[in-house]
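Here's the structure we're looking at; comments come further down.
The values are calculated or read from the model by the stated rules, or taken from the named source; none is laboratory data. Note that this is a predicted model, so its numbers are computed, not measured. Glycine gets a Cβ as well: all are built from the backbone with ideal geometry, and neighbour counts include every protein chain shown.
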Amino acid sequence: MTLPKKNFWRNLIIFLSVMGPGIITANVDNDAGGITTYSVAGAHFGYSLIWSFIPIIIALVIIQEMCSRMAVVTGKGLADLIREEFGVKVTFYAMIVLIFSNLFNTISEFAGIAASAELFGINKFILVPLCAIFIWWLIVKGTYKSVEKIFLLACLFYLSYVLSGFLSKPNWKEVAQSSIRPALHFDKAYLFMLIGVIGTTIAPWMQFYQQSSVVEKGIKIEDYKFARWDVIIGAFVVNAIAIFIVVVCASTLFKHGIRIETAKDAAEALRPLAGDYCFYLFAFGLFNASIFSACILPLSTAYSVCEGMGWEVGVNRRFRQAPQFYTLYTLIIAIGAAVILLPNVKLVPIMLISQATNGILLPFVLIFMLLLINNKRLMGNFTNSKIYNILTIIVIVAMITLSIFLFFATLGVHA
Amino acid sequence: MNEKQNIINPVKNETPSKLSPKDSSSLPRFIYFSELLDKPVIDKNGDFSATIYDIIIKPAEVYPQSCAMIIRKGFPNRKYAFIPWASIETLDKKEACLKIESAELKFEEKHDNREELSLRRDILDQQVVDTHDHKVIRINDIHLLFVDRLLMVAHVDMSLRGLLRRLGFEKLIDFLIRLINKNNPYLKTEHLISWKYIHPLSINPASMTIKVDVPQKQFSTIPAADLGEIFLEINIKHQIALFKSLDILTRARIFTHIDFKTQKLMVEEIPDKEITELLNNIPSDEATDFLEKLPKSRVNQLLSLMENKYAKKLSELIGYSGDSAGGLMTTEYMAYLENMTVGSTLKQTKERVFKVEPAQFIYVVDEKWHLVGATNFRRLILANPEDQLKSVIFPKTYFVNLESGVKEVAYLMEKYKYYAIPVVDDNNVLQGIITIDDILSQLIAIAWRRLKKIKVLPKQ
């Protein structure tokens, strides 16, 4: 009896040391844009979209697991591999699109920070620059280990949505039923919302970021199974939190028939219905998610671009040692924060560009991944099995179609 | 093509005269590998058959030379064919002409299972070690030289300009810069690095070691600390392959400059016999530092495989706590018996096979290895060769005990300006010495911890 117990503790310790990249990457998925989408989904369609989180979990695990596996087996980042296997031209143009996509995503994260500043009654001209400086300082002065710890702490703050979920006193029986039973309606608004919820799940930066951070951790092949658990747990946790966001809005706003446009509207509408605590938790969740994602997106961009172009990379290096890395990182934060402080800035075009660039890049990234992971020379015995390949292709086709639809849907709604 | 000839002068690392062509009528002809890639291949009858895909190189004296070409055709079902260099008639920026017919070519689906180095797969766009600037770089282009119809790998290009050339923007950017400033240094300098400084990191699929054109190239010229840093920069898979391909001395140099986690990984990859050989070749204090962190059973297993005397010494050292004099000391030192003459001491010192021991002091001991005193070479050289050793020792020699702490050792060394201090046991028997570098690294560690405390405390 003692032996398995000892193994359990040993395994737990190894898991804790391997844990991080998967959970962090998945959580950034619930960024300012994600929270907006889920709030609107809950407020307009009640519990009826919750079932869609189950296919999302599967898709997320399939795609992100491949990144982890490639990182552990090859010891190289995704941009590294694309450069080495597909040449410099492809890498260069992919990186240009990635920079744009991540830049516009970062702007929308700063918009989230500005929105939460208004919710808490703080002047956004104070909070946004402060946050920008904090984000910049964190990476420039930090090491990989310290940064990862802070990121994992930020993941913990997502629990504020779980708490606000309980405070909104939902009908749990109904929630459970609707998560198992797909309720497909064929009206236009419902389908648009469905595309929105699924389409925001997988973005190109996630694959680059996760693979680089697994590489940085230096996980051994023997410990790979733990890295896989990191991905699976990440996918479950992030979607559980998304479900809580939907539940909060569904059990309050949807019940009273309140229409909202943004996460900020959702928080404000919650206040009279679910009380001050629920409001503060929801607003804090938005702030945490925005600032967390605003950290990761510029970091991920700088990482991928420098990897692919062969420039010095690293949180552990100084400015002089990695000038391109820090310049890119600093520029994205500076532009992201500055744009949101401009008077009369319109968020819709920013969202459209970010979705469009995501949609352009995603097919390429996913197809590159499929080619790389099936390359015997790189992956040895760790290539995809046939069934895994079929599943991956289904996910890839679905994600590509959805991200294209998402772009046109947003265009249609706002045009 | 002739303008390229100018490049050779501003090149950072000189190209040896060896590369200049034998007949002086034609100037040295350089070409970039990117200018050959994907260019059409024409067969004997003038028919288009495929495009240039890769060039296989083989080791030569300094600069490797081309020995075959791989061409490819078809999309999306690509097929590759192997062409010996002798079957190539001409090769330039426009096309490659073959001496054979395309019907003779055997196209296959596989192409990347070769053990030789090839330019596209193993060098272009890959990471390599630059042993000149001591860092890991990514190759943007390869600079080739025509010598008697063969191509030689002369330089690699890692510059922004090389990157732009690959993207097809070189001429545009050149034009724009010329518009602004005709004398901009960007237009004149070529950041080429001579191939002799480049160590590829590509892995041979059969032996899982690094493919090399010249074994152990240049690594011996890099200071061990830099070598360790470079090693930590490359990824795990390449670390393992590189470590396996190195000779024992380079391995030892790297091993003493990497962290325990990486050390352990490397040791897991090589057979036990090579581990013991490695431990035999690193200073005893480094060896104990490493062994101390391994599980006991593994340590005993390794020690049992080692040379008996050294293993005994190591197992004694492991017994001492890490920050006591016993744990810090190394057992490599020079000690001679007190009644030897100065002349024979100097003679014996010359004949000694030096490993890594520090040579600032010579220790003088009696028959039972009790510490009598210390002396230095200056005293030995100035003394009469017939004098006995004990007559040239310092008037007083300070020493520490096995249990002495870091601070006591540091205090004594600073006070008496010692580069090394002897360590004795309770019976005054000489056990080893502690050198200034070992004590310094301990002090730096302590200082760092203090510094952090000072920085952190006021914030709370």
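Just to be sure before I move on: is A:Thr301 without any contact (Cβ under 8 Å) to a residue 40 or more places away in the chain and either closer than 27 Å to A:Phe86 by Cα or more than 14 Å from chain B (Cβ to nearest Cβ) (or both) in the structure I sent? So A:Thr301 fails the test.
Can you pull out the residues in region B:110-130 that are part of a loop (DSSP other than H, G, I, E, B) and either in contact (Cβ under 8 Å) with a residue 40 or more places away in the chain or more than 13 Å from chain A (Cβ to nearest Cβ) (or both)? Across region B:110-130, the qualifying residues are B:His111, B:Asn113, B:Arg114, B:Glu115, B:Glu116, B:Leu124, B:Gln126.
The number of residues in region B:131-145 being crowded, with 19+ Cβ neighbours inside 10 Å and either within 12 Å of the chain's Cα centre (by Cα) or part of a strand (DSSP E or B) (or both) comes to 8.
Annotation: A:Thr330 fulfils all but one of (1) more than 30 Å from A:Lys149 (Cβ to Cβ); (2) surrounded by fewer than 23 Cβ atoms within 10 Å (Cβ to Cβ); the unmet one is (1). Checking each residue in region B:411-441 for being surrounded by fewer than 19 Cβ atoms within 10 Å (Cβ to Cβ) and farther than 19 Å from B:Glu316 by Cβ picks out B:Tyr411, B:Leu412, B:Glu414, B:Lys415, B:Tyr416, B:Lys417, B:Tyr419, B:Ile436, B:Asp437, B:Leu440, B:Ser441.
Being closer than 28 Å to A:Thr262 by Cα, surrounded by fewer than 24 Cβ atoms within 10 Å (Cβ to Cβ) and not charged (D, E, K, R) holds for only one residue in A:Ile50, A:Ile23, and it is A:Ile23. Scanning region B:188-224 for residues that are modelled with pLDDT under 65 and either of a type outside the set (A, V, I, L, M, F, W, C) or not in a loop (DSSP other than H, G, I, E, B) (or both) turns up B:Asp213, B:Pro215, B:Gln216, B:Lys217. Here is the figure for region A:193-235: residues that are closer than 20 Å to A:Phe100 by Cβ and modelled with pLDDT of 80 or more total 9. Considering region B:251-273, the residues that are surrounded by fewer than 17 Cβ atoms within 10 Å (Cβ to Cβ) and assigned to a loop (DSSP other than H, G, I, E, B) include one that is farthest from the other protein chains (Cβ to nearest Cβ), namely B:Pro271. Anything in region B:313-325 that is closer than 15 Å to B:Ile436 by Cα and either at pLDDT below 80 or hydroxyl-bearing (Ser, Thr, Tyr) (or both)? List them, or say none. If the condition is that a residue be closer than 15 Å to B:Ile436 by Cα and either at pLDDT below 80 or hydroxyl-bearing (Ser, Thr, Tyr) (or both), then B:Asp323, B:Ser324 are the ones that fit. Where helices (runs of 4 or more DSSP H) sit wholly within region A:155-252, those with at least 3 residues that are within 30 Å of A:Asp80 (Cα to Cα) occupy A:204-217, A:224-249. Scanning region B:261-310 for residues being of a type in the set (Lys, Arg), within 23 Å of B:Lys237 (Cβ to Cβ) and touching a helix residue (DSSP H, G or I) at 6+ places or on another chain (Cβ under 7 Å) gives a total of 0. Applying the criterion of being touching a residue at least 60 places away in the same chain (Cβ under 8 Å) and surrounded by fewer than 17 Cβ atoms within 10 Å (Cβ to Cβ) to the residues of region B:176-190, the residue that is farthest from the other protein chains (Cβ to nearest Cβ) is B:Lys188. Residue check, B:Lys99 against (1) more than 13 Å from chain A (Cβ to nearest Cβ); (2) within 16 Å of A:Leu378 (Cα to Cα), all met but one. Which one? Against the list (1) more than 13 Å from chain A (Cβ to nearest Cβ); (2) within 16 Å of A:Leu378 (Cα to Cα), B:Lys99 comes up short only on (2). Within region B:368-419, the only residue that satisfies the criterion of being of a type in the set (Val, Ile, Thr), in a loop (DSSP other than H, G, I, E, B) and touching a Pro at 6+ places or on another chain (Cβ under 9 Å) is B:Thr397. Of all residues assigned to region A:60-83, at least one qualifies as being within 13 Å of chain B (Cβ to nearest Cβ) and among the acidic types (Asp, Glu).
Of (1) away from chain A (no Cβ under 14 Å); (2) hydrophobic (A, V, I, L, M, F, W, C); (3) in contact with a helix residue (DSSP H, G or I) (Cβ under 9 Å, 6 or more places away or on another chain), B:Ile88 satisfies all except one. Which? The failed condition is (3). Here A:Tyr224, A:Tyr190, A:Tyr161 are screened, and the one residue that is in contact (Cβ under 8 Å) with a residue 24 or more places away in the chain and crowded, with 21+ Cβ neighbours inside 10 Å is A:Tyr161. Can you confirm whether A:Gly310 is within 18 Å of the chain's Cα centre (by Cα), crowded, with 19+ Cβ neighbours inside 10 Å and at pLDDT below 85? No: the conditions fail for A:Gly310. With respect to the conditions (1) more than 14 Å from chain B (Cβ to nearest Cβ); (2) surrounded by 23 or more Cβ atoms within 10 Å (Cβ to Cβ), A:Arg271 lacks only one, and its number is (2). Looking for whichever is under 14 Å from A:Thr201 (Cα atoms) and in contact with a helix residue (DSSP H, G or I) (Cβ under 6 Å, 6 or more places away or on another chain) here; the options are A:Asp80, A:Asp31. Which one fits? One residue alone meets the criteria, A:Asp31. Going through region B:39-49 one residue at a time, which ones are modelled with pLDDT of 85 or more and over 14 Å from B:Ser87 (Cα atoms)? B:Lys39, B:Pro40 - these are the residues of region B:39-49 that are modelled with pLDDT of 85 or more and over 14 Å from B:Ser87 (Cα atoms). Count of region B:134-151 residues, restricted to those that are out of contact with any helix residue (DSSP H, G or I) (no Cβ under 8 Å at 6 or more places or on another chain) and within 13 Å of chain A (Cβ to nearest Cβ), is 1. Do you know which of the residues in region A:304-338 that are aliphatic (A, V, I, L, M) and farther than 24 Å from A:Val90 by Cβ is nearest to the other protein chains (Cβ to nearest Cβ)? Across region A:304-338, the extreme among qualifying residues is A:Val315. Residues in region B:365-385 that are more than 38 Å from the chain's Cα centre (by Cα) and aliphatic (A, V, I, L, M): B:Val365, B:Leu371, B:Val372, B:Leu382, B:Ala383.
In summary, A:Phe100 fulfils each of the numbered conditions (1) at pLDDT below 90; (2) within 21 Å of A:Ala337 (Cα to Cα); (3) within 13 Å of another protein chain (Cβ to nearest Cβ); (4) under 23 Å from the mean Cα position of the chain (by Cα) with the single exception of condition (3).
The number of residues in region B:152-175 being outside any helix (DSSP H, G or I), small (Gly, Ala, Ser), within 13 Å of chain A (Cβ to nearest Cβ) and crowded, with 16+ Cβ neighbours inside 10 Å comes to 1. Please indicate, with yes or no, whether at least one residue in region A:353-374 is part of a loop (DSSP other than H, G, I, E, B) and under 24 Å from A:Glu85 (Cα atoms). Checked region A:353-374: at least one residue is part of a loop (DSSP other than H, G, I, E, B) and under 24 Å from A:Glu85 (Cα atoms).
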